[in-house]
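Chemist: Please see the structure below; I have some questions.
The values are calculated or read from the model by the stated rules, or taken from the named source; none is laboratory data. All of these numbers come straight from a predicted model, not from anything done at the bench. Here the Cβ positions follow ideal geometry from the backbone for every residue, glycine too, while neighbour counts run over all protein chains shown.
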Amino acid sequence: MSEISPGLAVTLFTIAAGCIGIVIATAVLAIVEGVAVVKALEGMTRQPDAAGDLRTTLIIGMALLETSAIYVLLVVLILIFANPLLQLVQ
């Protein structure tokens, strides 16, 4: 059985960690976004006069949640394609 080089081990580990991280982050953010939409719709049905304010707040909140997903994607792409940990191994 051949040995795995440290660089390959770090690469494989970061790819696996990145995949797990993006799956968990997108799942959690999808759940949170769903809860936010449900709460906003409940508020709109209770107080139709406040629907405009609730809609605006919901859109801003959803944009902030989506930026969190983009940040996670950015970190994962950096780990996969420009892995700074490989310099420590070599």
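Chemist: State all residues of segment 1-31 that are under 12 Å from the mean Cα position of the chain (by Cα) and either at pLDDT below 85 or not β-branched (Val, Ile, Thr) (or both); if no residue qualifies, say none.
Modeler: Residues satisfying the conditions are Gly18, Cys19, Gly21, Ala25, Ala27, Leu29, Ala30.
Chemist: Moving on. Given Val72, Val37, Val23, which one is surrounded by 15 or more Cβ atoms within 10 Å (Cβ to Cβ) and in a helix (DSSP H, G or I)?
Modeler: Val72
Chemist: Further, regarding this structure: Kindly indicate whether Glu66 is charged (D, E, K, R) and surrounded by 13 or more Cβ atoms within 10 Å (Cβ to Cβ).
Modeler: Here the answer is no, as Glu66 does not meet what is asked.
Chemist: Return the pair list, or none, for Cβ contacts closer than 8 Å from residues in segment 63-90 that are farther than 12 Å from Gly21 by Cα and of a type in the set (Val, Ile, Thr) to residues that are outside any helix (DSSP H, G or I) and at pLDDT 90 or above, at least 6 apart or on different chains.
Modeler: none
Chemist: Right, next: Hey, any hits in segment 6-13 for a residue that's closer than 27 Å to Ala82 by Cβ, in a helix (DSSP H, G or I) and among the small types (Gly, Ala, Ser)?
Modeler: yes
Chemist: Return the total of residues in segment 13-36 being closer than 10 Å to Val72 by Cβ and not aliphatic (A, V, I, L, M).
Modeler: Residues that pass the stated criteria total 3.
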